[in-house]
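The values are calculated or read from the model by the stated rules, or taken from the named source; none is laboratory data. All values derive from a computational prediction rather than experimental measurement. In this analysis, Cβ positions are derived from the backbone assuming ideal geometry, glycine residues included, and neighbour counts consider all displayed protein chains. Just the protein is used for accessible areas: all its heavy atoms, side chains included, with ligands, DNA and RNA removed. Shrake-Rupley method; radii C 1.70, N 1.55, O 1.52, S 1.80 Å.
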Amino acid sequence: MKTTLAIGIAALFAATAGLAGAAEVHSLRGNLPLNAPAKEFGKKKQFIVNDKVARNWKLQPPIIPHKIDKERINLDENTCFRCHSPDTYKAEKAPMISKTHFKNPDKPVEKELIKRRYYCYQCHVPQVDAKPLVENTFKSAGK
Ligand code: HEC
Ligand code: HEC
């Protein structure tokens, strides 16, 4: 009885291992037990351009092309406004926060930034200069 159970469990493990092998999926931290320390990843360099990064499809939230290490978005302040608000963008030679971010369907006359657009990182992110981790066949749909 005991032997049958042991064989059963071994077969189950073999089957799972076989599945993982077939898909060739490997954890980024290596095939390590959960409690084993993984190797540390080096800090990646941010991809920075002095211009806009081409969008891959119409209405894609544009990628942030500059450093954001010193920016803060919290309850008290949003430092992105320093350059991107309707009052500052001209002097800072920055693109203005999209007009769509001020159009509240519930309050069409309101001119303030819609609250659900306050946390810019929800949609706008910087990129790092790194190779894709897995093969990627994505093709840009253009603007
Ligand atoms: C010191 C001024 C400054 C601050 C602060 C700043 N930006 Fe910018 N941002 C710019 C300028 C200038 C550009 C135009 C591209 C360039 O010259 O880097 C730009 C470009 C962008 C773009 C690309 C727009 C497009 O159409 O491609 C996004 C998105 C953006 N910024 C988001 C942010 C967010 C989010 C924050 C806050 C975390 C922020 N920026 C803070 C000056 C600033
Ligand atoms: C819910 C997602 C979302 C949030 C949050 C958001 N954006 Fe956007 N943003 C977009 C999308 C999508 C576009 C492109 C389409 C458009 O203009 O609506 C865009 C466009 C922009 C542009 C380009 C405008 C242009 O004329 O080309 C700027 C600059 C920008 N956003 C800044 C910001 C800043 C700064 C914040 C935070 C205060 C922010 N956005 C929050 C989704 C978002």
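Would you mind telling me which numbered condition in (1) more than 30 Å from residue 139 (Cβ to Cβ); (2) more than 9 Å from ligand 2 (Cβ to nearest atom) residue 81 fails?
So residue 81 meets the others, but not (2).
Scan segment 102-124 residue by residue and report those that are surrounded by 12 or more Cβ atoms within 10 Å (Cβ to Cβ) and modelled with pLDDT of 90 or more. Reasoning before the result, please.
Step one: of segment 102-124, the residues surrounded by 12 or more Cβ atoms within 10 Å (Cβ to Cβ) are 102-104, 113-114, 117-121, 124.
Passing the criteria: 102, 113, 114, 117, 118, 119, 120, 121, 124.
Testing residue 66 on (1) exposed (fewer than 11 other Cβ atoms within 10 Å of the Cβ); (2) under 18 Å from the mean Cα position of the chain (by Cα); (3) under 30 Å from residue 139 (Cα atoms), one condition comes back false. Which one is that?
That leaves (1) as the condition not met.
To keep it simple, each residue is scored yes or no on (1) assigned to a loop (DSSP other than H, G, I, E, B); (2) aromatic (Phe, Trp, Tyr); (3) closer than 30 Å to residue 24 by Cβ.
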| site | (1), (2), (3) |
| --- | --- |
| 86 | yes, no, no |
| 90 | no, no, no |
| 111 | yes, no, no |
| 133 | yes, no, yes |
| 140 | yes, no, yes |
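Quick one: in segment 47-103, of everything that is in contact (Cβ under 8 Å) with a residue 40 or more places away in the chain and of a type in the set (Phe, Trp, Tyr), which residue is farthest from residue 128 (Cα to Cα)?
Restricting to residues being in contact (Cβ under 8 Å) with a residue 40 or more places away in the chain and of a type in the set (Phe, Trp, Tyr), the top hit is 57.
For every residue, the table says whether it meets (1) open to solvent by less than 40 Å² (accessible area, probe 1.4 Å); (2) among the hydrophobic types (A, V, I, L, M, F, W, C).
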{"residue": "37", "(1), (2)": "no, no"}
{"residue": "47", "(1), (2)": "no, yes"}
{"residue": "56", "(1), (2)": "no, no"}
{"residue": "62", "(1), (2)": "no, no"}
{"residue": "72", "(1), (2)": "no, no"}
{"residue": "78", "(1), (2)": "yes, no"}
{"residue": "82", "(1), (2)": "no, no"}
{"residue": "87", "(1), (2)": "no, no"}
{"residue": "100", "(1), (2)": "no, no"}
